[in-house]
Every structure is written in structure tokens, then in C-alpha cells.
Amino acid sequence: MKRVAFFALLSLFVFAAYGEAKPPPYSKRPEVRAYIRELVARHGFVEKELAYLFSRVRREDLVLQAIAAPAEKVRTWQEYREMLVNERRIAGGVAFWKTHRAALARAERDFGVPAEYVVAIIGVETQYGRNVGKWRVVDALTTLAFDYPPRADFFRDELTSYLLLARDEGINVFATRGSYAGAFGIPQFMPGSARRYAVDFDSSGSIDLHRSPSDALGSVANFLHRHGWRSGAEVLLPARVQGEAWRPYADGSLEPKRTLAELAQAGVEVAGAPPQEKAVLVELDSSDVRVGLNNFYVLTRYNRSAFYASAAFDLAQAVKQRLRDEAKPHEEGK
């Protein structure tokens, strides 16, 4: 409760800090005018068109509140896991896999990423395309780019990527809706990721992350592949810990930097990977400690959260097991 209360107070602080004084329309603000001139100079946009665009953009105070208290911070691990690894998402994952079995198999061949992880990420992100977000992407990104100082540079880059993507793909800037952070489509790609990793997996001649599940799942597989997914390698392993020497290793880091042999010397018992394998110790809560390997780190590139990557892993395993269980009566009846 204390943790939840803290982030609730943080949310109020952020809203108070950035939400009290109503600034002028974005098109009138000096920093936005400077940004427009930069886009004109670097990317060949038309200044009058951008000025008109930003005159129509809305500042969204609720976006500022939402980004101050993401689910990974206000929920315990068990609460977070139950939100994402449940009957609805498992059954939905099985149905999605069956419907898109051929495309998932091809993605696994092309990119080396097992189908269950692609399915799980899409399930975690949008419940297999059912919930792609309610915010106009241009409003969310502009709000965060110019009214959220902690990460203004990042969101300004994403806003630039979104405007370039819209221009290159003929997208209506105001029609696309997504998350409060500006992620959009079935896989909830940020605009920069969409420009770098999205693929035309259904060979339609264009990339459509909103209406093409094939493009979405192919793009997720390509994202993981390009971030270093190792085909056939483990992702996350259960661990047993003894004593207290292991605690400094569970420091919240996501990148595997210690060998399993080093962790073993600190009292971490794990099976399923060679001693020289690089790993990271992940303490999700006092009763759930695991060891993440390279592919776990790759999952965190999608969302930089141990909770996120662990829930995606658990959902992937649950969906795969459900498919196996459903296949058993059929195989036994042959």
C-alpha cells in the first residue's frame, strides 16, 4: 500500500508541476516553433503545414498523469502477473496462434523467434489487437515532448519519427490512436521502432500494424531478432537462493553481466544453462527469484521492465502448454 500511495502522490506532483498553468497552443510556443524550423531544415517539411498541424494538437494532462505511475511501479509482481497471465489472455493466445499458425511458423523460420513469444508480446500489449489505445498519437507524443521534462528528448525524437512515418506511409496524423506513451498498432510499436523494425510480412506492398496481424507478428519477430535473440536458447530460469550473499546481485539490473558460476558462488542455484553463461538475477518478489539470460534481456528491449519480460515469458509458456494439452486427446485418439 505504501508503494501504491507513493506513486499516487508522484502522479499528483507531476500533474501539479506540469498541469496547473495552461500554456498557449503548441503552434504559438517558442520551443515548438524552433522544433518546426528544425524539421523543415533537416527533413524538408513545409513550415506552414506544420504550424497548422500543431495548432490542432491537444495537450493531454491525463497522459502526464499516466506516465508518472505506470503499472510496473504501482502494482506488486503478483498483481501485475495476474493482470497479464490469466485465462482470458491464455485462451486468446491459443486462438490467435491457431488463426495465424502459418504466419507464426514462417516468422519463426525467418527470424528464429519461437511463436509463443511473439504471441505473448501481442497478448500483453493489446490482447491480440483488441485494445490498441485511445489517445491520438500526435497528442500524446507532443504532450510528452514539450510538457514532460524528464524524458522530453526521447519523446521529441519519437514525435519526429511519427511525423516522418506519417509522411512516408501516407498516414493521417490525427487518425492514429495508441497508448498514452505514443505506442500504436497491434504490437504497440513506438514510431521509431516502427520505422526501424516493422515489416510487410503479408506482402501487401505496405506495412499496416493496425489491420494486418501478419505484419504485426512479423514485425515483433523482426524486432526481437534484430535485438539479438538467440534461437534455441533459454530465456528465464527458476532459481533457489541461500544465505545473503546473493542479494547485491539482485540490484534491478536487466542486462546479463555475471556468469552463472559467479552467481552460484553467491548462493544461487539454477539448472538448465552452462556455468559460463552470462545471466542477471531477477527478484520479482520474496518468493519468486529467477535468472534471466540473453533472451530475457532481449524481451526487456520491448519494455524495459523485469515485470514485463517475466510476465511475457510466463504467458508464452502458458499458451504453449495449453496448445499441447488440447492436442493430446486428438493424438491419443489416433
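The values are calculated or read from the model by the stated rules, or taken from the named source; none is laboratory data. Just so we're clear, the structure is a prediction, and the values are computed from it rather than from any experiment. All Cβ positions, glycine included, derive from the backbone under ideal geometry; neighbour counts span all protein chains shown. In case anyone asks, the SASA skips ligands and DNA or RNA and just uses the protein heavy atoms, side chains included. Shrake-Rupley method; radii C 1.70, N 1.55, O 1.52, S 1.80 Å.
Data table
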item	result
Dipole magnitude of the chain, debye to nearest 20 (Cβ charges: Lys/Arg +1, Asp/Glu -1, about Cα centre)	660 debye
Helix axis angle, 47-56 relative to the chain longest principal axis, alpha carbon, degrees	70 degrees
Prolate/oblate/rounded label for the stretch 41-139 (Cα gyration tensor, a/c 1.5)	oblate
Between 0 and 90°, nearest 10: helix 101-111 axis offset from the chain longest Cα axis	90 degrees
CD proxy at 222 nm, helix term only [per DSSP H run n ≥ 4: -39500 (n - 2.57); per residue of the chain; nearest 500]	-17500 deg cm²/dmol
Long pairs among Lys278/Lys328; Lys22/Lys73; Lys278/Lys320; Lys73/Lys98, criterion Cα-Cα beyond 30 Å	Lys278/Lys328; Lys73/Lys98
Highest average packing first - 45-55, 144-154, Cβ atoms within 10 Å	144-154, 45-55
Helix 30-43 axis, angle to the chain major axis (alpha carbon atoms, nearest 10°)	70 degrees
Centroid-to-centroid separation of the stretch 158-225 and the stretch 278-334 [C-alpha atoms, Å]	25 Å
Computed accessible area, Arg290, all protein chains, 1.4 angstrom probe, square angstrom	30 Å²
Rounded Å value of the spacing that divides the Cα centres of the stretch 96-114 and the stretch 231-273	31 Å
For Ala279, residues with placed amide H under 5 Å, excluding near neighbours	Lys257, Arg258, Thr259, Leu260
